[in-house]
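Encoded as structure tokens, the structure appears first; notes follow it.
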Amino acid sequence: MESGVYDYLKDENHHKVCCLLGLKETGKTVMMLQAIQSLHFENCLLLECEEESQESMANLKKVLSEHPEYKYIFIDEITKIHNFINTASFLANRFASEGIKIVITGDDSLSIAFVTENELYNQNVTISTTYISFQEYHYLLGKGLTDYIRYGGTLAIEKDWNIYADLAIVQNIVNSLERYKNGNNSSIWMLQSLIDEGMLETLILKVAEYPTREFVEKIVNRYFKAHHEEMQKQIRSLYFAISEI
């Protein structure tokens, strides 16, 4: 994946924005910093966005316009910027089109997915970091296949799993839906009452749990069905044995 970012940075024909897409703790920021290091920090500008700053995309455009000397721009946690989902097109139209390389990332991966399908449609190079191979998982944490499956191939550890699921998955979806067209879009109007009542998080958790419950139900039913059939077979054998006496 690191090579994917590096290839983007070195390809002079790429007049697009590179989007690092992935859940929390899947290496997006590390990959970005490695890319900066591979460039020997030359002509690089790294911006880190904060939730409390209430910065807008207009402020970001102003900052970038004031520093034309930078040829490589890296923006970490861009999904925290107000109206990012609805106004990100200038990153490609104004800067990437002029040959400036822009790499963006943020923990609200659904927000970036919305952007790649709308504002940056056909103007983005997307690299996903969510998938972590078992080999890499085992190398980093030293844990086995059971833990890899249990925690969905993420780097979350047991005691923090519930917190991780809430922050990385539920809040990811909730934040992105609320910010998409400022919440005034036809695709989520039916969820507005749940958002207003603070129930959307609970609903998403229930939906996420459903496949697990369905899987467990199949396993349990399969076991008891097999057990039941074996008992029926034994009863029939015993019946025939008694009948022959």
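The values are calculated or read from the model by the stated rules, or taken from the named source; none is laboratory data. Not measured: the values here are computed from a predicted model. Glycine also receives a Cβ, built like all others from the backbone with ideal geometry; neighbour counts cover every protein chain displayed.
Do we have residue 5 as assigned to a helix (DSSP H, G or I) and under 20 Å from residue 116 (Cβ atoms) here? Against the criterion (assigned to a helix (DSSP H, G or I) and under 20 Å from residue 116 (Cβ atoms)), residue 5 qualifies.
Specify which of the listed residues (66, 51, 77) is without any contact (Cβ under 8 Å) to a residue 60 or more places away in the chain and closer than 19 Å to residue 116 by Cβ. Write out each step before concluding.
Numbers: 66 fails: closer than 19 Å to residue 116 by Cβ; 51 fails: closer than 19 Å to residue 116 by Cβ.
Among 66, 51, 77, only 77 is without any contact (Cβ under 8 Å) to a residue 60 or more places away in the chain and closer than 19 Å to residue 116 by Cβ.
Of all the numbered requirements in (1) without any contact (Cβ under 8 Å) to a residue 40 or more places away in the chain; (2) farther than 20 Å from residue 124 by Cα, residue 90 misses one, and that requirement is (2). So for the stretch 34-42 (the condition being surrounded by 19 or more Cβ atoms within 10 Å (Cβ to Cβ), more than 17 Å from the chain's Cα centre (by Cα) and assigned to a loop (DSSP other than H, G, I, E, B)), does at least one residue qualify? So far as the stretch 34-42 goes, no, none of its residues is surrounded by 19 or more Cβ atoms within 10 Å (Cβ to Cβ), more than 17 Å from the chain's Cα centre (by Cα) and assigned to a loop (DSSP other than H, G, I, E, B).
Return the residues of the stretch 17-44 that are out of contact with any helix residue (DSSP H, G or I) (no Cβ under 6 Å at 6 or more places or on another chain) and in contact (Cβ under 8 Å) with a residue 60 or more places away in the chain; say none if nothing qualifies. Don't jump to the end; show me each part of the working.
Applying the first criterion (out of contact with any helix residue (DSSP H, G or I) (no Cβ under 6 Å at 6 or more places or on another chain)) to the stretch 17-44 yields 25-30, 32-33, 36-37, 39-43.
Answer for the stretch 17-44, where residues must be out of contact with any helix residue (DSSP H, G or I) (no Cβ under 6 Å at 6 or more places or on another chain) and in contact (Cβ under 8 Å) with a residue 60 or more places away in the chain: 25, 26, 27, 28, 29, 32.
Residues satisfying the criterion are present in the stretch 45-52 (criterion: out of contact with any helix residue (DSSP H, G or I) (no Cβ under 8 Å at 6 or more places or on another chain), within 20 Å of residue 109 (Cα to Cα) and part of a helix (DSSP H, G or I)).
Residues in the stretch 17-30 that are under 15 Å from residue 101 (Cα atoms) and either surrounded by fewer than 22 Cβ atoms within 10 Å (Cβ to Cβ) or at pLDDT below 85 (or both): none.
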